[in-house]
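J.: I am attaching a structure below and will ask some questions about it afterwards.
Throughout, read-outs are computed from the coordinates displayed, never taken from laboratory work. Keep in mind it's a predicted model, so treat the numbers as computed, not measured. Here Cβ is always computed from backbone atoms with ideal geometry, including for glycine, and neighbour counts include all displayed protein chains.
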Amino acid sequence: MAGRINDDDVRAVRDAVPIDAVVSEYLQLRNGGGGNLKGLCPFHDEKSPSFQISPSKGLFYCFGCQEGGDTVDFIMKMDHLSFAETIERLASIAGVTLRYEEGGYTPGRQQGERTRLVEAHKVTAQFYAEQLAGSEAEIGRAFLAERGFDQAAAAHFGVGYSPAGWDQLIRFLRGRGFSDKEMLLAGLAQEGRRGPIDRFRGRLMWPIRDITGEVIGFGARKLRDDDNGPKYLNTPETPLYRKSQVLYGIDLAKKEIAKTNQAVVVEGYTDVMACHLAGVTTAIATCGTAFASEHIKILRRLLMDNSRGQVIFTFDGDAAGQRAALRAFEDDQKFAARTSIAISPGGMDPCDLRLAQGDEAVRDLVERSTALFEFAIRSVIVKYDAESPEGQAAALEEAAPIVANIKDAAIRHRYAVMLSGLLGYVTDNQFVVKRVSQLAQWNRQHGQRGSSSGGRGGAYGQQRGENGRPGSYDSAGRDEQRGTVGQRPAAPPTSRGPALNLRSPAHRVERELLKLALQRPELVAPTFDAYGADEFTAPPYAVVRGVIEEAGGVTSADAGYLTRVREAAPDDTVRALVTELAVEPLHTRRDADEIYAGVQLVAVRLAAVNQRVTEIRGNLQRLDQHADPAHLTAVQNELWVLQQYGQSLRERGAAAL
């Protein structure tokens, strides 16, 4: 059985890797106030950021879908890793050497499956890059040179060469300790008549990296006429590689995309290279598949999905490129960012354009892009004779629905006026505007292309219910993962517990006090630890109070306090609530201090006292004249004491606690 990672090493890894550094590899973050950061949630579709990160506490929480946790939880949920695989990945980032119990440190056998596959791809990429310098790879170097790429360009993008032999990579990887099973699972080898053979042979190789920069697959370009395979051959679907979720060049482009609020979508590996070398460093490409919804999600998170962003599609000017552009138009309103299209003269792709006219021509191509709405409208009109009434009417009936589908009313009106001009309705543009308005109203009434709530991206909101939210790992699952490296138990569905009436003043103040106990425990210590769970009237808050007590209370708060509280939670529902309370900003315009904390402590205690007074008064009313005098006196004394205590709390505040 694989070894268990030493607990001290797990803690060291958690402390060594800041959560904001990890999360920023996947999405753009901005100041969220109160020391927090915010961004678009990667776990569900949203248009305004509800995903919050607290760097000081090492926690994240989404107030939209209720996903939350620490750095380890984020990586596990984002990349579907086991607990052990996540610790191994973070350890490699932090430079922490892990110790494995029950057998010591033997990484070749102890690492998780995904970690092994990532390492296999890493050394394979190095192997291919080294082969590019050999005599056999002369044909590959010539291919690159003909397209304007020198040795430095090849090195920058990690381009390599796969030898033409049947098993050269396999023998190399065996020598590095990888098994045939791992090579087959990674898609680096395939079954032959007499055993595994190299999947890629005699081809130019592009390593495909995920957004964090890890090699997860390869794109291979045919070089020789006697190669009977397809022109481009990509890694098959594997535990690492899902072509619908991969964008080539995203690791190099992500920072510029976030910085400039622009992404340029091209069609191939050499186009990405050409754009980056020409100064368009926001270029990315799909890998053997059409640009689709999963790719959109990646870009939306990097662009923060705001109206200042821009997504530019570049396509060849031929018929296939035109069709691809119109397919992209169908996804336009899944972005809040503006979408445009750039088609180069003569049907050249960015690589050919750079070779023929230089770097400036590539930059100009991007700068002279046309709005995708306008392109779609013009693509319709060009099919008709706009000089004849019949042609105008036919073009209007096909183009008007395109304009009517624009969710933003102001933009829709602008394009309706443009359409009238293109059709020749110069003196009667109200006719076209009215027709578009009628179709838009019909869309709203019949729910076409999403809800009628308006705003760009309405159609995208429909996917929220279809996608659902990913499952979470419960505490038992995590223990199993930690104990058996590489195993990944199925994630159980997570219930969310009873709804809270947050309009209740009592519940609001209980929530605020719990937030203080988790975020600023020094302000409520030691008084908070004397509060019983029964002083919290919302059942979930009472459970959280008990969890804090089980973790040692606020007086024991130290660097590992929040971790202990979250680990003490009995299930994912409570753990999620703890995380939410630990991240949610306090409701004070100034920095929380002892005075603010005292107000919350008094309010919760006073509410509990008032509730008990009400209960006792009810008991007294039920006691008849034959009640035991001693019992009656005891109840009356309790009522008097509580009334005096309540009066003291109202008059003296925190000093009476």
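J.: Over segment 112-241, what is the relative contact order in whole percent, taking alpha-carbon pairs under 8 Å and six or more residues apart?
T.: Relative CO of segment 112-241 lands at 25 percent.
J.: Given 0.36 nm per residue, what is the gain on full extension from ALA533 to ARG363 after removing their alpha carbon distance, in nm?
T.: Separation in residues times 0.36 nm, less the Cα-Cα distance, equals 54.8 nm.
J.: When you count, for each residue, the other Cβ atoms within 10 Å and take the mean per peptide, how do 88-100, 114-126 rank with the highest first? Present the calculation step by step, with values, prior to reporting the outcome.
T.: Values: 88-100: 17.5, 114-126: 21.2.
Per-residue Cβ counts within 10 Å, averaged per peptide and sorted highest first, yield 114-126, 88-100.
J.: Right, next: What are the lysines whose alpha-carbon lies under 17 Å from the alpha-carbon of LYS77, with same-chain residues fewer than 8 places away excluded?
T.: Reachable lysines: LYS297.
J.: Follow-up. Decide, for segment 200-255, between rounded, prolate and oblate: order the square roots of the alpha carbon gyration tensor eigenvalues as a ≥ b ≥ c, take rounded if a/c falls under 1.5, and otherwise choose prolate if a/b is larger than b/c, else oblate.
T.: Values: a/c = 2.88, a/b = 1.96, b/c = 1.47.
Cα axes put segment 200-255 in the prolate bin.
J.: Give the order of ASP225, ASP408, ASP628 when sorted by the count of other beta carbons within 10 angstrom, beginning with the fewest.
T.: Working: ASP225 6, ASP408 17, ASP628 9.
Least to most surrounded, the residues fall as ASP225, ASP628, ASP408.
J.: On a C-alpha basis, how far is the centre of segment 541-615 from the centre of segment 1-57 in Å? Whole number, if you could?
T.: 22
J.: Please state the shape class of segment 1-147: rounded when a/c is under 1.5, otherwise prolate if a/b exceeds b/c and oblate if not, all from the C-alpha gyration tensor. Before the final figure, lay out the partial values.
T.: On the way: a/c = 2.73, a/b = 1.32, b/c = 2.06.
The shape class here is oblate.
J.: Would you please give the FRET efficiency between ASP591 and GLU398, computed as 1/(1 + (r/R0)^6) with r the Cβ-Cβ distance and R0 = 60 Å, to the nearest 0.05?
T.: Numbers: r = 60 Å, r/R0 = 1.00.
Using R0 = 60 Å, I get an efficiency of 0.50.
J.: Quick check: convex hull of the Cα atoms in segment 505-656, volume per residue, rounded to a whole Å³? Present the calculation step by step, with values, prior to reporting the outcome.
T.: Numbers: hull volume 19.5 nm³, N = 152.
Cα convex hull per residue, to the nearest whole number: 129 Å³.
J.: For each pair in LYS47/LYS515; LYS181/LYS259; LYS57/LYS181; LYS57/LYS122; LYS255/LYS515, compute the distance between the two Cα atoms and list the pairs where it is over 30 Å.
T.: On the way: LYS47/LYS515 27 Å; LYS181/LYS259 42 Å; LYS57/LYS181 41 Å; LYS57/LYS122 33 Å; LYS255/LYS515 34 Å.
From the list (LYS47/LYS515; LYS181/LYS259; LYS57/LYS181; LYS57/LYS122; LYS255/LYS515), the Cα-Cα distance tops 30 Å for LYS181/LYS259; LYS57/LYS181; LYS57/LYS122; LYS255/LYS515.
J.: Where in segment 191-220 is the amide nitrogen less than 14 Å from a point lying 7 Å along the Cα-to-Cβ axis of GLN126?
T.: 215
J.: R0 = 56 Å: FRET efficiency of GLU567 with GLN168, Cβ-based, nearest 0.05?
T.: Values: r = 49 Å, r/R0 = 0.87.
The pair GLU567/GLN168 has a calculated efficiency of 0.70.
J.: What is the spin-label model distance, in nm, from GLN438 to ARG193 if the labels are put 7 Å beyond Cα along the C-beta direction?
T.: Rounded to a tenth, the inter-label distance reads 7.0 nm.
J.: Return the FRET efficiency for the residue pair ALA410, ALA145: r is the Cβ-Cβ distance, R0 is 56 Å, and the value is rounded to the nearest 0.05. If you can, show how the numbers build up before the last one.
T.: Details: r = 50 Å, r/R0 = 0.90.
Approximately 0.65, to the nearest 0.05.
J.: State, as an integer percentage, the relative contact order of segment 347-443 based on alpha-carbon contacts under 8 Å between residues 6 or more apart. Can you show the working numbers first?
T.: Details: 77 pairs, mean separation 21.7, N = 97.
So the answer I get is 22 percent.
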